[in-house]
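Engineer: Please find one structure pasted underneath; my questions will follow.
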């Protein structure tokens, strides 16, 4: 059994245990000496005590948001997290209309939460997997919008390319309509700094709530989208 399949089975089993035991807290980031004990995707009980060592960092997520713990020390998973309102979660997980859409060969310009970030937008400067629930909702995001840019996406299998024009100040654009998106597709990206490669991971059904969304991103290695979800609902660090 390869490592990727083994990890998927472990995470699936963890999610099943969490559902049956009432666990309500998910580890979404970990580093330091205890990282192996608390890997991303691990479900914890909602009244569990966590013991961290020096240089440990743990980010927990529940229905209220995320919380960062820094060791050494003992912490309870029942401590308050940031407040994740229904409206803020909806904003970051769905596509809505935009004020302008001057993009070549694209469907229009989506926007989402504050600054237009949305978990269904692929970061054009960051290689890795991109989770897609609905191809028509897939967007593109660039972190620096100080200058105009022409970003070219090329399908690795077919060789077909499309170019997206970002104006000065524009961070968000839609995925090119003439580049089909399907499970396993790989796209090479140029024109947004260092070249990057994206691999599509289709997500069905669409996960609900913060925990379901995070678990789906972890399971599919969609780390850039996980970071957007975590950073949007971050609370002050615990130490």
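Engineer: What number of residues within region 140-169 are touching a helix residue (DSSP H, G or I) at 6+ places or on another chain (Cβ under 9 Å) and either exposed (fewer than 14 other Cβ atoms within 10 Å of the Cβ) or farther than 16 Å from residue 194 by Cβ (or both)?
Structural biologist: 0
Engineer: Then there is this: Among (1) in a loop (DSSP other than H, G, I, E, B); (2) at pLDDT 90 or above, which single condition is residue 79 missing?
Structural biologist: Looking at each condition in turn, residue 79 falls short on (2).
The values are calculated or read from the model by the stated rules, or taken from the named source; none is laboratory data. Since this is a predicted model, take the numbers as computed values, not measurements. Because the Cβ atoms are built from the backbone with ideal geometry, glycine has one as well, and the counts that use them run over all protein chains shown.
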